[in-house]
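Here's the structure we're looking at; comments come further down.
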Amino acid sequence: MRDTATAPLDLSAVAFIDLQAQRARIGARMDAAIARVLAHGGFIMGPEVAEAEKKLAARCGAKHVISCSSGTTAIVMALMAREVGRGDAVFVPSFTFTATAEAPAILGATPVFVDVLPDTFDLDPLSLERAVAVARQTGLRPACVMPVDLFGQPADYDPIRAIAAQHGMWILGDAAQSFGAHYKGKPLGVCADITATSFYPSKPLGCYGDGGALFTDDDEVARRLRQVRVHGQGADRNENVRVGLTGRFDSIQAAVLLEKLAIFDAEIAERNAVAARYDAGLMGAVMTPVVRAGCTSVWAQYTICSPRRDRIAATLQAQGIPTNIFYPKPIHTQAPYRALPVASGGLPVTERLAQQVLSLPIHPYLSPEAQDRVIAAVRTAVA
Ligand SMILES: *Cc1c(COP(=O)(O)O)cnc(C)c1O
């Protein structure tokens with residue numbers, strides 16, 4: 001989700017993600033908010049950071065919000081706070097952004113790869129059970145399961161929670177693409193034991209640099225997360241009670257986030273309108289994204305699936321319409337992760353999706369005319 005976020009503006013083209021159009025809406029407020037930080041000079045963990053944490057907590061109902069320096073750092077911090085490390089299995093999908101598997105690997109834990117469901121692209125509970133069996137046979141201790149709320153919609157937390165409980169595991173929700181979405185009426189942020197999100201600029205709720213946050217209802221976990229965020233600092237700055245890192249959020253990014261939070265609900269509604277229009281226009285031509293019953297999506301991506309994926313991408317490219325493939329190389333096939341365990345039966349859905357998925361331009365400012373061009377081009381390619 002990174003390459004086109006900051007591409008220069010070309011008015012003749014359809015933008016994959018359009019942050020400049022958002023600036024037309026809130027740019028003046030944003031510039032003033034940034035100027036206030038420059039004036040007060042409290043650049044790290046300033047008043048904007050406290051306010052952003054309070055607003056994020058109010059939004060999803062989580063008891064604690066711990067902002068941090070990126071989505072990847074958020075995941076690492078969560079695993080550090082729960083003392084996950086060598087000998088521990090952390091169950092992750094392979095059909096996701098690298099950071100999901102990278103975080104446990106950084107800490108010496110073993111990512112164990114789980115297949116995904118063919119319609120919603122998120123963690124397959126049956127494959128999870130098979131992966132837990134493989135981990136036990138390998139002598140690993142099942143510690144944590146990390147469902148990814150891929151492309152903006154929640155993973156299926158209820159069956160995953162049942163399996164986790166059966167094996168004494170806790171759940172770390174990777175909501176990097178999906179903060180703002182709901183699972184059966186509950187906002188992401190309160191669906192897992194710890195939820196991690198990212199404010200990378202191209203995510204549905206982004207800032208103008210790197211940033212992230214952690215959500216939990218657990219007082220002890222929250223206390224440890226706040227220690228980990230500042231080098232394991234205890235009661236005073238000269239006392240280190242655990243190993244930590246530099247994980248803080250900064251005030252300029254928090255100021256940007258606050259302005260974006262103010263229009264987030266409107267933008268989510270606009271993203272949903274774009275997705276509904278794509279659904280209607282593309283129905284029957286390609287497999288359109290499925291949102292699980294009772295759940296909502298914030299549409300980080302609008303991802304279609306077709307055996308003719310490469311032809312569709314080439315046709316769109318010829319017409320100046322950008323697309324992206326998330327993700328063309330599953331993590332378990334990448335060099336650092338190739339030797340790691342996977343669920344028995346392999347990851348056939350993941351491997352097929354890598355060949356067939358294509359993400360189309362989606363953002364709150366995509367005009368119906370631009371969308372019609374995209375829809376017509378996809379239909380031409382598969383005709
Ligand atoms: C973006 C992303 C991350 C990492 O977030 P950063 O802020 O870029 O570190 C982790 N997991 C998923 C699924 C993501 O899409």
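Just so you know, all these numbers are worked out from the coordinates, no wet-lab data involved. This one's a predicted model, so the numbers in the text were calculated from it and none came from an experiment. All Cβ positions, glycine included, derive from the backbone under ideal geometry; neighbour counts span all protein chains shown.
Annotations
- When the Cα positions of N238, F43, Y183 are compared along the charge dipole of the chain, N238 comes out farthest toward the positive end, with charges on each C-beta of Lys, Arg, Asp and Glu.
- GNM result for the chain, Cα springs below 10 Å: residue of L225, L340, L126 fluctuating most strongly: L340
- Of I312, V84, S344, farthest towards positive along the dipole that unit charges on Lys, Arg, Asp, Glu beta carbons give the chain: S344
- For the chain, built as a Gaussian network whose Cα springs stay under 10 Å, the top-fluctuating residue of A175, A62, A293: A293
- The value of relative contact order for the chain, using C-alpha pairs under 8 Å at least six residues apart, is 23 percent.
- Descending semi-axes in whole angstrom, ellipsoid equivalent of region 201-319, from the Cα gyration tensor: 41, 16, 16
- For a straight C-alpha distance cut-off of 16 angstrom, the lysines reachable from K55 (same-chain residues fewer than eight places away being disregarded) are K63, K260.
- Rounded FRET efficiency, nearest 0.05, which uses the C-beta distance separating D310 from D119 and R0 of 30 Å: 0.90
- Relative contact order, percent, region 275-383 [alpha-carbon distance under 8 Å, six or more residues apart]: 40
- The fewest-to-most ranking of L258, L107 by surrounding Cβ atoms within 10 Å reads L107, L258.
- Computed from the C-beta positions of L38 and R136, the FRET efficiency with R₀ = 56 Å rounds to 0.55.
- Cα extents of region 144-234 along the three principal axes, largest first (Å): 35, 34, 19
- Taking every DSSP beta bridge that has both ends in the chain, the antiparallel portion is near 60%.
- Quotient of Cα Rg and 2.2 N^0.38 Å for the chain, N being how many residues it contains: 0.98
- Rounded to 0.05, the FRET efficiency of the R379 and Q355 pair, given R0 = 25 Å and the Cβ-Cβ distance, is 0.75.
- Using the rule -39500 (n - 2.57) for each DSSP H run of four or more residues, divided by the residues of the chain, the 222 nm mean residue ellipticity is -12500 deg cm²/dmol.
- Region 278-383 pair-distance distribution - Cα-Cα, 5 Å bins, rounded %: 2, 11, 20, 22, 17, 13, 8, 5, 2, 0
- Footprinting exposure proxy for R338, R130, R309 (fewest neighbouring C-beta atoms within 10 Å first): R338, R130, R309
- Kirkwood Rh in Å, taken over region 175-216 so that all alpha-carbon pairs contribute: 10.4
- Residues K329, K260, K203, arranged from fewest to most other Cβ atoms within 10 angstrom of their Cβ, appear as K329, K260, K203.
- Placing +1 on the Cβ of every Lys and Arg and -1 on the Cβ of every Asp and Glu, with nothing else charged, gives the chain a dipole about its Cα centre of roughly 200 debye.
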